[in-house]
Amino acid sequence: MAATFRSRKRPRRWHDQTTAAASLSFSSSSSYLLPLDLMQEIAACSDPATLLRCAATCREMRRGVSDPAFRRRLRLRHGDGFVPGLLRGGLLVHKEDNELRLVDISASTAGGATTTRLLSAAECFPPGLHDDGEPPPRLCEPVAARDGLVLVRARAANRPGEDEQLSVCSLATGQSQCLPAGPTFPGQYVLLVGDRDGSAAVGRLFQVLKACLVLSDRRRPRLRVQTFSSAHGTWGTDTQIPAPLVRGKQCDSPCEPLVAGDAVHFVFLTDVASYTLKLHVGTHRVTAARLPARCGAQDCRCRLLFTQMLLATASPGGSLCLLVAGTDEVSAWMQSDRSGRWKKQPHEVIEKNRFLEFTEMSSPQDGTDERIRLQWFAERSGIVLVRVTGLGFFLLDLRSNEIVMWMPSSSSYVTYPYEMDLSSWAQSLDFSKTF
């Protein structure tokens, strides 16, 4: 599915001017315009996205920045903050050819963004992993994406009613690893990415976590968790962890989980109140906090609010915030780092009329009322994808609360963000790829 991005005015550049260092050309005699060691010193003082692009220019540069001695000299700017240049676009499964595709916003121009083919169903689920003579499973959708890896869900092409199949794919290398049959209970998937491992199928260690909140009259609320480990190749035991403070008999989840540091955050709406749960992955401990009633998340019966909430952070791995799309604005509720409690008052992120002003339209093209939907949050770049009915999709930079891009599309598909990975680029990225 092709998508077109268009800007009302020239937005703030996605990258700093130092990205020019990544595009230094070579002379016909293959000699550098600048000495290699000087280029490395310049890259060491740039920002993470620029360093990644410098490593992609040639083998010599890549080998130099892979040296542990070089890494000790790194003095990157914005290394502990959001880097918008890491966001490459959104992921979707093309309905016609059943391929995983990338809407590449980083390569967008005034004419629009490009849609790049990434992987087919056969590449996500290689032959030999399903019954002989049968076609590969039909891709349904990406269900999680993090640090260059994507968790893809599929179902058997000839048996659509069968259990889902999961595969973790590396978009940079084209490698994939299919997961064995896992838990059958309903829940949300979380992809956790670890260190490099040359023996791993996708070049990285990873875990896939499935979780849901269990409520009953007889027992206290519990967070049910089961985890697949790539190191062991199997699913672990089905674990139920007490969830303190939570009350209710029914529950639902209005938004995707969020990974921040060594914890996974969830939002659950019960028939009594609304809560955020923090799962400490290493210790399998859960802490809970009740959301303010005024944030709009009343309980699980308010289904109109489900697509209007989104978990985010104020900085990479930093303070948790809950974005809420109201009638006239998007607001942010902040959680205290010390007490874990949510503040009683939100702050305004952006007013709804600014979306209309950015498009330079007097009203939506189809005559519908503009309703705000929060699609996803890119954890390392700090970008939020916002859909406004009748107008299209917008990219909102949480650092400045400014709109940086507009996609005038009526499509209602929901994608996951794809961000370039900075922790494994030295060894596992295939820079012959276009992304």
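Just a few scattered comments:
- Scanning region 159-196 for residues that are touching a Lys or Arg at 6+ places or on another chain (Cβ under 7 Å), at pLDDT 85 or above and in a loop (DSSP other than H, G, I, E, B) yields G182, P183, F185, G187.
- Only one of the numbered conditions (1) within 28 Å of G317 (Cα to Cα); (2) at pLDDT 80 or above; (3) open to solvent by 60 Å² or more (accessible area, probe 1.4 Å) is not met by Q17, and that is (2).
- Flag: L52 does not match the condition of being at pLDDT below 75 and part of a loop (DSSP other than H, G, I, E, B).
- All of (1) in a loop (DSSP other than H, G, I, E, B); (2) in contact with a strand residue (DSSP E or B) (Cβ under 7 Å, 6 or more places away or on another chain); (3) within 20 Å of K210 (Cα to Cα) hold for T283 with one exception: (2).
- Residue under evaluation V324, criteria (1) at pLDDT below 85; (2) open to solvent by 10 Å² or more (accessible area, probe 1.4 Å); (3) touching a helix residue (DSSP H, G or I) at 6+ places or on another chain (Cβ under 9 Å), criterion not met: (1)
- If you go through region 327-340 and keep only what is under 21 Å from V272 (Cα atoms) and modelled with pLDDT of 90 or more, you end up with W333, Q335.
- Residue within region 356-370 that is open to solvent by less than 50 Å² (accessible area, probe 1.4 Å), part of a loop (DSSP other than H, G, I, E, B), at pLDDT 80 or above and in contact with a Gly (Cβ under 9 Å, 6 or more places away or on another chain) present: no
- The set of residues in region 305-339 being within 28 Å of L356 (Cβ to Cβ), part of a loop (DSSP other than H, G, I, E, B) and among the acidic types (D, E) consists of D328 alone.
- For region 82-107, filtered to residues that are open to solvent by 20 Å² or more (accessible area, probe 1.4 Å) and small (G, A, S), the residue that is nearest to Y418 (Cα to Cα) is S106.
- Any pair with Cβ under 6 angstrom, 6 or more apart, that starts in region 340-362 at a residue that is of a type outside the set (D, E) and ends at one that is open to solvent by 70 Å² or more (accessible area, probe 1.4 Å): K352/D328; F358/R8
- Scanning region 208-260 for residues that are open to solvent by less than 20 Å² (accessible area, probe 1.4 Å) and touching a helix residue (DSSP H, G or I) at 6+ places or on another chain (Cβ under 8 Å) yields P254, C255.
The values are calculated or read from the model by the stated rules, or taken from the named source; none is laboratory data. Remember, it's a predicted structure, so these values are computed and weren't measured experimentally. Note: ideal-geometry Cβ built from the backbone for every residue, glycine included; neighbour counts use all protein chains shown. Please note that ligands, DNA and RNA were not included when accessible areas were found on the heavy atoms of the full protein model with its side chains. Shrake-Rupley method; radii C 1.70, N 1.55, O 1.52, S 1.80 Å.
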